[in-house]
Amino acid sequence: MNQENLKIVSLNDVLKLNLSIPSYQRPYKWTTDSAATLFNDIYSAYKNHVPEYRIGSIVLHASGNEFEIVDGQQRVTTLTILTYCFYEVLNDKTYLSLSNLLKKDKGFNKLSSKSIIDNHEVLKQHCELIKNELNEFIKYTLENCTLVKIITNSEQDAFQFFDSQNTRGKALNPQDLLKSYHLREMYDSTEREKINIINVWENEQQKELALFFENNLYPLVQWYKSKDGLYYSSKKIKVFKGIKLNSNYHYSVYHKAANLFIERFNSEGLFELTSGEQLCQFQLTQPLIAGKRFFQYTIYYFNLYKDVIRTIESKFEPQYISNYGSGNSYIRNLFINVVIFFVDKFNKEELTDNRLKFLYNWAYSLRIVMHSVYLQTANRYAVGYWDCRVNKGLNMFRKISEMQNPQELDNIVLDRIDQQQLDSYKSKKYQDIWHFIYGGNQ
C-alpha cells in the first residue's frame, strides 16, 4: 500500500469522503447503549484534554467515485448520526454535509432503520445536555478523534478482507475483551507491571476462567440486585469495566481512594490490625477500579472460588453434592455461589459448619422439590421469584448483602419440606438429600 492508502486521519477527513454501504454488509445494529458509550468515551477524552483519541479503523474499497465501507460500518454510521445531531442542535449546515452517509441511496436496508432512529434520539439528547460547550466538543470530535484509514482498490481484495473479518475470524471472548480494555486503562503503569500482571492472568487456565465468569462471577454481581445472572457474553461485560481512573464523580473518587488505601496498607502496612491480618481488598457489592485492579479482582475471586470448592468437598460426602447431571450441577453451582457471597461479605471464620449446612439446605431444597432443574430454574430461585415451589420470594444473596453481622443468617427460617411433600413431587430419588437435611425427622 502507498502512504495515501494507509493513513491515520481525522474523523472530519473520513466523513468528507463519498462513503456508501456495500450490499454484502450486515444491517446497522448498534444498540442505544453502545452509541451512548461511544459518545461518553469521546466526551471523557475531550474533558480530559486527550490530544488524540483513536476511535479505531475503517477499511474502504475505492469504487468509482465512491468509497464502500468494508469494515468499520457500525462505528462510522454512529459517528455520522452524531454529526447529523450537531446540525440539528446548532442548525449549522456545515455538519449536515458530513452526514451524507445517511442518505437513502447510500446502501442502508430497512433492517437498519430502527437502530438509526433510536440512536439518533439518544445522541441528540446527549448533545442537547452539553449545548453550552457543544461547539468545542464538535471541534474536538471532528479534529482530535482519528481513525486508521485503509483503502483497497481491488474488489476481490475487499471481499476477501470482509470475509476474513466477518466470517472466518475468531471472535474475541468476553475475558479477552476485558483484558484488552483494562490494559488500555493501565496508562499509569510501567511496562513491567503490565507484563507481570498479564503473566499471572495467562497462567490461569483460560477455559476455567471463562466458565468462572459465566457461572460464578457474573451471576454473583447480578443476583443480589435481583437481576438475571444468565447468558454472560461479550455484550454483558459492562458490569466488569469498573470505574475509570480519570473519573472524578463523587462515588468514583471515594472508591478510588478506598482502593488506593487498601492497596498501600497491604503492601506497606500503614497501621496495625491484628498480627498477620490484611484488609480485604474487594467486595462483590462494590464497584471495581479499571486497570490493574480488575486483574487483581479476577484472580482474587477465582482463588476464593477454588478455596470454597475445597471447603465444600471436605465437609460433604460426594453423594450430597453430586455434579452428575445438568440439574445437579446447577444446584451445586448455586450452593458454591451463595457460600462465596457469604464469605465475601464477612470472612471464612464466620462460615461455621451450621451456617454452611444452612446454605446447603437453602440451595438443595430446590433440588428436592423439583423433578427437573434447568438453568433458568436456579436463576429464578436465586433472585427470589414468587413462583418457586419453595422459599418463595427469598433472595438469599440480597439478604446477605443487607446483613450487618453474620448472626443475622441464623435468624432466617427456611420452608420445611415434609415427607408427604417429597412424595407428591415424585422426588424419591432425592430422599437421601432430604434425610441429610432433616436428619430423618418428619
Pairs beyond 23 Å (Cα-Cα), from LYS114/LYS235; LYS16/LYS139; LYS207/LYS306; LYS106/LYS235:
LYS106/LYS235
Dimensions of the chain along principal axes (Cα, Å, largest first)?
84, 56, 41
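At a Förster radius of 22 Å, what calculated FRET efficiency corresponds to the Cβ-Cβ distance of LYS47 and SER233, to the nearest 0.05? Working shown, then result.
On the way: r = 31 Å, r/R0 = 1.40.
With R0 = 22 Å, the Cβ-Cβ based efficiency is 0.10.
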Hey, in the GNM for the chain with a 10 angstrom Cα cutoff, which one of PHE341, PHE294, PHE316 fluctuates hardest?
PHE316
Just want the answer: with Cβ charges of +1 for Lys and Arg and -1 for Asp and Glu, which residue in THR311, CYS85, PHE240 is farthest toward the dipole's positive end in the chain?
CYS85
I want to check the label-to-label distance for GLU349 and PHE261. Put each point 7 Å from Cα in the C-beta direction and report it in nm to one decimal.
2.1
For ASP410 and ASN323, compute 0.36 nm times the residue count separating them, minus their Cα-Cα distance, and round to one decimal in nm.
28.6 nm
Compute, for the stretch 318-405, the length of the dipole vector about the Cα centre, with Cβ point charges of +1 (Lys, Arg) and -1 (Asp, Glu) only. Units Debye, rounded to 20.
200
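Taking N as the number of residues in the stretch 1-138, what value does Rg over Cα atoms divided by 2.2 N^0.38 Å take? Let's see the in-between values first.
Details: Rg = 14.8 Å, N = 138, 2.2 N^0.38 = 14.3 Å.
Ratio of Rg to 2.2 N^0.38 Å for the stretch 1-138: 1.03.
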Rounded to two decimals, what is Rg over Rh for the stretch 235-386 when you use alpha-carbon atoms and the Kirkwood radius?
1.03
Compute the relative contact order of the chain as a whole-number percentage, counting only Cα pairs closer than 8 Å that sit 6 or more residues apart in sequence.
14
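In Å, what Kirkwood hydrodynamic radius results for the stretch 311-361 from the alpha-carbon pair distances? Please list the in-between numbers first.
Numbers: mean 1/r = 0.0881 Å⁻¹.
After inverting the mean inverse Cα-Cα distance, the result is 11.3 Å.
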Taking the Cα centre of the chain as the origin, how large is its charge dipole in debye, to the nearest 20, when only Lys and Arg (+1) and Asp and Glu (-1) carry charge on their Cβ atoms?
920
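For the chain, which whole percent of the accessible surface, found with a 1.4 angstrom probe, sits on carbon and sulfur atoms?
Details: 11420 of 23580 Å².
Result for the chain: 48 percent of the exposed heavy-atom area is carbon or sulfur.
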Which longest uninterrupted range of the chain lacks any GluC sites (Glu not before Pro) assigned by DSSP to a loop state (not H, G, I, E or B) and surrounded by at most 10 other Cβ atoms within 10 Å?
1-271
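Which whole-number value in Å² is the accessible area per residue of the chain, probe 1.4 Å?
Values: 23580 Å² over 442 residues.
On a per-residue basis, 53 Å².
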Space enclosed by the convex hull of the alpha-carbon atoms of the stretch 53-128, per residue, Å³
111
Filter the cross-link list LYS29/LYS104; LYS29/LYS236; LYS124/LYS238 down to pairs whose alpha-carbon distance in this structure exceeds 20 Å.
LYS124/LYS238
Range in the chain, longest, excluding exposed trypsin sites (Lys or Arg not before Pro) [loop by DSSP; at most 15 other beta-carbon atoms within 10 Å]
228-391
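Percent of alpha carbon pairs in the stretch 98-139 separated by more than 13 Å?
On the way: 555 of 861 pairs.
So the pairs more than 13 Å apart make up 64 percent of the total in the stretch 98-139.
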Roughly how big is the stretch 105-146's charge dipole about its Cα centre, with Cβ charges of +1 (Lys, Arg) and -1 (Asp, Glu), in debye to the nearest 20?
200
Can you spot the aspartates and glutamates whose alpha carbon is less than 14 Å from LYS244's alpha carbon? Ignore those fewer than 8 places along the same chain.
ASP41, GLU185, ASP188
Taking a label point 7 Å from the Cα of GLU66 along the Cα→Cβ vector, which residues of the stretch 90-104 have an amide N closer than 17 Å to it?
99-104
Per the charge dipole of the stretch 1-78 (beta-carbon charges, Lys/Arg positive, Asp/Glu negative, Cα centre), the residue among ILE42, HIS61, THR32 reaching farthest to the positive end is THR32
Helix-only [θ] at 222 nm, the chain, -39500 (n - 2.57) per DSSP H run of 4+, per residue, nearest 500, equals -16000 deg cm²/dmol
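The values are calculated or read from the model by the stated rules, or taken from the named source; none is laboratory data. Everything quoted here is computed from the prediction, not taken from an experiment. Using ideal geometry, Cβ is built from the backbone for each residue, glycine included, and neighbour counts are taken over all protein chains shown. What goes into the accessible areas is simple: the full protein's heavy atoms, side chains included, and nothing from ligands, DNA or RNA. Shrake-Rupley method; radii C 1.70, N 1.55, O 1.52, S 1.80 Å.
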